[in-house]
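A.B. asks: Pasting a structure below so you can have a look.
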Amino acid sequence: MNFLRGVMGGQPAGPQPSGAETIQKLCDRVASSTLLEDRRDAVRALKSLSKKYRLEVGTQAMGHLVNILQADRSDSEIIGYALETLYNMISNDEEEEPEESEDGDSSGLGKRNSKSVMLEENSQKQADDLGVQFTEIFIKEQENVTLLLSLLEEFDFHVRWPGVKLLTALLKNQCAQVQGVILVSPMGVSRLMDLLADSREVIRNDGLLLLQQLTKGNAAIQKIVAFENAFERLLDIITEEGNSDGGIVVEDCLLLLLNLLRNNSSNQNFFKEGSYIQRMKPWFEVGDDNSGWSAQKVTNLHLMLQLVRVMVCPVNSPGATSSCQKAMYQCGLLQQLCTILMATGVPADILTETINTVSEVIRGSQVNQDYFASVNAPSNPPRPAIVVLLMSMVNERQPFVLRCAVLYCFQCFLYKNQKGQGEIVATLLPSTIDANSISAGQLLCGGLFSADSLSNWCAAVALAHALQDNLTQKEQLLRVQLATSLGNPPVSLLQQCTNILSQGSKVQTRVGLLMLLCTWISNCPIAVTHFLHNQANIPFLTAQISENLGEDERLVQGLCALLVGICIYYNDNSLENYTKEKLKQLVEKRIGKENFVEKLGFITKHELYSRAAQKPQPTFSSPEQMLFDHEFTKLVKELEGVITKAVHKSSEEEKKEEEVKKTLEQHDSIVTQYKELIREQDTQLNELKEQVSSLKTENEQMQATITHQLSQIQQHKDQYNVLKLKLGKDSAQQLSAQAEGAQVNGLQSEELTGLREEVEELRKQHAELQVQLREKDALIDKLRSGPAPPVEGIATSSENNAELLKELETLRSKVQSQTAEIGQLQAERRDLLKKVETCSAMVSVPTAAGSTDGAGDSGKIAELESRLVALMGETEKLKEEAKSSLESRAGLERQLAEANSTVAILQTEKAKLQQEVADSKKEQDDLLMLLADQDQKIQTLKSKLKDLGEPIEDEDDLDTRDQFDEDEDEEDDEDDEN
C-alpha cells in the first residue's frame, strides 16, 4: 500500500522510478495480488497513468485488464476502472492538450505559432495510429468484443457508461471489423438498442453516438436496428426534446436516422409503411417570428430537411419515391414546407435547403406539382410562388447557391409535367400577356437577354425544361414575338436567340443559348424549318465550327456542330436550299466530315459534362462552372450517334432507308389495326364477363329465395302430416260418437257419411295440389340451378332475358299466392275439425244423460241440427275454394308450358351463340397467325437495316412521327386557308 501511495501522489522516499517501471510494477500487482482491494487500487493507478503514458499502459496492461474483465465481473468498481483505462488507451480524443501547451516561456510563442498547425497535425496522426493499433490488438480476439457486449447488460452506471464509450472508440478506429463481430454475436445489436431505453440521459445520449458509428455503411446492421423499433424510439426522443428547438440530442437522433435511411430501400419502405412520414410534419412548424434562430436549431432543421430528401431522392426507385411523395402531400408535410418557403426571416441556408427539399418532393408527381403551382406568396397583391422564386433566380445580387436551388426547383416543377410546361409557355404568348403583372415568361425573357451571363444561362436552361419532350410547346414557342427597340419590327424569340449568339457574348451565355436552341429544334421539323429560314444561321455556325479557336471555345464549337447535326437529322426537306443532302455537302466542303465529328465529340469529353450527367440537381462550386444541364446531357447522349451516322450517310442509303421505313410504317399500320381490333374484342369480353358476374349474383339471390320458400313449404308439410295423424285418430272417435248420437237423436247416418266423404275429397284435392306444387318447385329449381344463359346470348338478346326474368318473377308471386291459399285451407280445415269435435262432444253428452234429462234433449238436438247445417255450408265453401284452386292449377300449368317453350328458345339461341363464339375464336387465331407473319417480316427487315448500319426506330418513335406529320399537315392546311 505504501508503494501505491507513492504512485498516487505521496512523498517520494528516494529516486523516482520511470513511468514504464511504475506501470510494470502495477501490472505485476494486478496479475499477482490475491486481494480484490489491491487489484482495484492497481487498476485505478493504471487508469490515472493511462493518458500520460498511453503507449506504456497499452503495451503492458491490456492483457491484464482483459483478464480483470473476465475474472472480476462481480465487482463493478474494478470493472469500471478497467473499462476506463482501455478507453483512454484506444480513444483518440485529446483532453489534456491545454495543459501541455503551457510548457515553455513567452519568447518561444512566435515559433510555436508558426509551426503549431504542422505539429498538431503530426501529433494527432500519431495518436490516431496508436489508437488504431491498440484497437487491432484488442479485437484480434473476437471474444473481447463479445465480452464487452455482455458487460453492457449490467445496469450499474460505472460499468455501462465506460463500456459504451469503449465500444464507440473501437468502432471509430476499426468500424468494419467491429461491425462484423457484433453482427455475428447473438443478440449483439439488441443489447445496444436497449441503451436508448436507459433512464439515464448520459448513457442514452452516448448510446446514440454508439449506434451512429455502428450503422455506418452496413446495410445488414441498419436493417436489424430498424426492425428493433429504432424509428419509434428515435422519433419519441426527438418529440420529447422539442423537435427542431431541441439540443444536440435531436441532432444525434437525426444523424442516426440518416444512417438508417440513406441508400437503404428496405428501411425507407419500412419507414413509409410504418406511417413515420406523418410524424415528421411537426418538425417544420415555424412560427411568425423567425428572428434569432439559434445555431443548433439551424443545424437540426437542416438535418430534418435532408431526412425528407432521403425519402424522395431521385436515385430511389420511382415507385418508392412516388408513394413517399403522395404520403407527404396527404399528411400536409408539403404544405408545411411551402409555408417555410414563403415565410420571412428564415435563414438563407435553411431557405436554400427548403427549396431543394420542395423540389424533390414535387419532382415527377402531378398532384404535388399542381399544388405547388397554386401556392401564392404573402404579398400585396399575391404572387405565385414560382414567380417569386424566378425573380430571385434572375437577380444577380442573390446568393449563388440560392439561385441554383431555385433553378432546380423550377426544373423539378416541369419534370414530366406537360400541364405546367404549357402554363409557362402560355405566359409568353401574345394572347395571354398581362402588362399589369409580372409573369414567369417575362422573367425568363428578361433573364435570357440581361447583361449577367449567369442569368442568361439559368433562364435558357429553365426555358429549355419548359420544352423538354413536349412537341406542342416547341411549336407554340415559335409564335413568341419580341419588341427589340422602338421603330423596329418585332422579331421571333428564336431569331433573337440566334442574334445574341452571333454577337459574340460570354462563353456561359452562348452555351446556355445553344443548349436552348438544341432542345428547342430537336425532334421538331417545324422548328428546324424556322431556324433554317434565316439565311445567316447556317453560315455563322459553319464558320464557328471551322475556325481554330482556343481551348475555351471548343465547347461552343461542339455545341454548334450539334445544332447543325440536329438540322440535318430532323430536316423534312421543305426548304430547297437547305435539304439534308445540301447541308451534308456544305459540312463536307467547309468543315470536313471527320473534323465535324471530332468537334461534336468535344462535348462529351468536357470535364463538367460528366459531372452534370451524374445527378439532376445543379451543384457547382462557382458560377463559372455552370455550363451543362443534366437533361441536356441525356439529349447529347441520344443524338451524338445518330447525327454521326446521318452525316456519313449517302443519298442512296437514305433512299433505301426511307423505303424500308415506308414498308415498316405500312406493316406497323396493319399491326396497329389488328391491335385495335383485339383491344375492342377484349373490351367486349370484359363487358360480357361483368354481365356474367352480375347474373351469377342475381342467380345466387334467387336460389336463396327459393331455398327459403322450400323450407317454409317443408314446414307446412310437417304440420300437415301432424294434422293428418291427428285427424285419423279423431275420425274413429267421431264416427262412434256420431253413430250413437244418430241413434239417440235420430240423425241421418247418410248425411254424416256424406260429410266424411266430402272431407276426404277435400283432403285428396289438397294432396294433389301439394304434388303439383312440388312439381312446379322442381321445375323452378331446374330453371334456377341450370346453366346460366350464354353470355353472348344475353348480350345479343337482352329483350328475351328481360321477359324471362319477368316470367320468373310471376312464377315466384304465384308460388307465394299458392302458399297463402294452402295456409288458408289448412286453417279452415283446423276450424272444421274443431267444430266436428265440438259436435261430437255435444252429441255424447246427451247420450250419457238421456235417461235423466229427456225434456232438454229436443232443444239440444235442434241446436246440433242448426250447427250441422252451418257445417254443410262451410263444406260448400270449401268445395268452391277447391274449384278455384283447380283453376289456379290450370293457370300454373299453362305458365309452366310457356316457361318450357322459353327455355327451348334460349337453348336454341345458346347453340347459335356458341357457334358464333367458335367462329370468333377461329377468326382471332387467323389474326394472330397473320400478326406473327407480319412480326417475322418486320424482324427480317430490321435485321437487314442493322446489317446496313441504319438506326432502327421503335413503334413509339414512329407513332410520334406520324402524329407530328398529321399536325404539320393540319397547320399547312390552316395556313392555306388563311
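The values are calculated or read from the model by the stated rules, or taken from the named source; none is laboratory data. None of the values given here were measured: they were computed from a predicted structure. In this analysis, Cβ positions are derived from the backbone assuming ideal geometry, glycine residues included, and neighbour counts consider all displayed protein chains. Side chains are part of the model used for accessible areas, which takes the heavy atoms of the whole protein and leaves out ligands, DNA and RNA. Shrake-Rupley method; radii C 1.70, N 1.55, O 1.52, S 1.80 Å.
A.B. asks: So how much slack lies between Asn395 and Met187, counting 0.36 nm per residue of separation and subtracting their Cα-Cα distance, in nm?
C.D. replies: The Asn395-Met187 span can extend by a further 69.1 nm.
A.B. asks: Same structure, new question: Which whole-number value in Å² is the accessible area per residue of segment 346-493, probe 1.4 Å?
C.D. replies: Result: 40 Å² of accessible area for each residue.
A.B. asks: Separation between the Lys593 and Glu228 pseudo-spin-labels, each 7 Å from Cα along Cα→Cβ, expressed in nm?
C.D. replies: The modelled label-to-label distance comes out at 6.7 nm.
A.B. asks: Past 18 Å, Cα to Cα: identify those pairs from Lys689/Lys921; Lys506/Lys589; Lys582/Lys637; Lys675/Lys921; Lys216/Lys297; Lys764/Lys877, in the order given.
C.D. replies: Lys506/Lys589; Lys582/Lys637; Lys216/Lys297
A.B. asks: Mind jotting down a quarter of the surface of the convex hull over the alpha carbons of segment 150-239, in square nanometres, one decimal?
C.D. replies: Details: hull surface 21.4 nm².
Average of the hull's projected areas for segment 150-239 equals 5.4 nm².
A.B. asks: Can you order the peptides 448-459, 386-397 by their average number of other Cβ atoms within 10 Å per residue, highest first?
C.D. replies: Values: 448-459: 21.6, 386-397: 19.2.
My ranking of the peptides, most packed first, is 448-459, 386-397.
A.B. asks: Looking at the P(r) of segment 896-954, how many percent of alpha-carbon pairs lie beyond 15 Å? Could you put the intermediate results ahead of the total?
C.D. replies: Working: 1196 of 1711 pairs.
Summing the P(r) of segment 896-954 above 15 Å gives 70 percent of all pairs.
A.B. asks: What is the set of long-range amide H partners of Arg383 at a cut-off below 5 Å, with H atoms built 1.01 Å from backbone N?
C.D. replies: It is Ala377, by chain and number.
A.B. asks: Averaged across orientations, what area in nm² does the convex hull of the alpha carbons in segment 209-293 project?
C.D. replies: For segment 209-293, averaging the hull's shadow over all directions gives 5.9 nm².
A.B. asks: Something else about it: May I ask you to compute the full-extension gain from Leu677 to Ile500, defined as 0.36 nm times their residue separation minus their alpha-carbon distance, rounded to one decimal in nm?
C.D. replies: Full extension from Leu677 to Ile500 adds 58.4 nm.
A.B. asks: Counting pairwise Cα distances across segment 477-539, what percent come out greater than 17 angstrom?
C.D. replies: 42 percent
A.B. asks: Also, quick follow-up: Can you report the principal axis dimensions of segment 364-485 using only the alpha carbons, biggest first, rounded to whole angstrom?
C.D. replies: 41, 35, 28
A.B. asks: Additional query: Applying a 10 Å radius around every beta-carbon, put 408-418, 294-304, 180-190 in order of their mean neighbour count, most first.
C.D. replies: Final packing ranking: 408-418, 294-304, 180-190.
A.B. asks: To continue, here is another question. For segment 487-612, what ratio Rg/Rh do Cα atoms give with a Kirkwood hydrodynamic radius? Mind dumping the intermediate values first?
C.D. replies: Numbers: Rg = 14.2 Å, Rh = 14.9 Å.
Reported Rg/Rh, Kirkwood definition of Rh: 0.95.
A.B. asks: Can you work out the accessible area per residue across segment 242-289, with the rest of the protein chains kept in place, probe 1.4 Å, in square angstrom?
C.D. replies: 43 Å²
A.B. asks: Under 20 Å from a point 7 Å along the Cα-to-Cβ line of Gln481: which residues of segment 495-528 have their amide N that close?
C.D. replies: It comes to 495-500, 527, nothing else.
A.B. asks: Further, regarding this structure: Using packing as a proxy for protection, rank 608-614, 572-578 so that the peptide with the highest average count of other Cβ atoms within 10 Å comes first. It would help to have the intermediate numbers written out before the result.
C.D. replies: Working: 608-614: 15.9, 572-578: 13.6.
Going by the mean number of other Cβ atoms within 10 Å, highest first, we get 608-614, 572-578.
A.B. asks: Which far-off residues, 5 or more places away or on another chain, put their amide H under 5 Å from the one on Leu482, with H placed in the peptide plane?
C.D. replies: Amide H to amide H, under 5 Å and 5 or more residues apart or across chains, Leu482 pairs with Val491, Ser492, Leu493.
A.B. asks: Here's a follow-up. If you find the alpha carbon centre of segment 915-941 and of segment 511-572, how far apart are they in angstrom?
C.D. replies: Answer, in whole Å: 47.
A.B. asks: Considering all alpha-carbon pairs of segment 568-651, what whole percent are spaced by more than 14 angstrom?
C.D. replies: The proportion of pairs with Cα distances above 14 Å equals 68 percent.
A.B. asks: Kindly provide the Kirkwood hydrodynamic radius of segment 412-471 in Å, to one decimal, from all pairs of distinct alpha carbon atoms.
C.D. replies: 11.9 Å
A.B. asks: Which net charge results for the neighbourhood of Leu303, defined as the other residues with beta-carbon distances under 14 angstrom from its beta-carbon, given Lys and Arg at +1 and Asp and Glu at -1? Working shown, then result.
C.D. replies: Numbers: positive: Arg262, Lys297, Arg309; negative: Glu241, Asp245, Glu251, Asp252, Asp349, Glu353.
Computed value for this residue: -3.
A.B. asks: With respect to the cross-link table entries Lys584/Lys944; Lys580/Lys605; Lys172/Lys326; Lys717/Lys883, which display a Cα-Cα separation exceeding 31 Å? Intermediate values should be presented prior to the final figure.
C.D. replies: Working: Lys584/Lys944 25 Å; Lys580/Lys605 27 Å; Lys172/Lys326 38 Å; Lys717/Lys883 22 Å.
Beyond 31 Å between Cα atoms: Lys172/Lys326.
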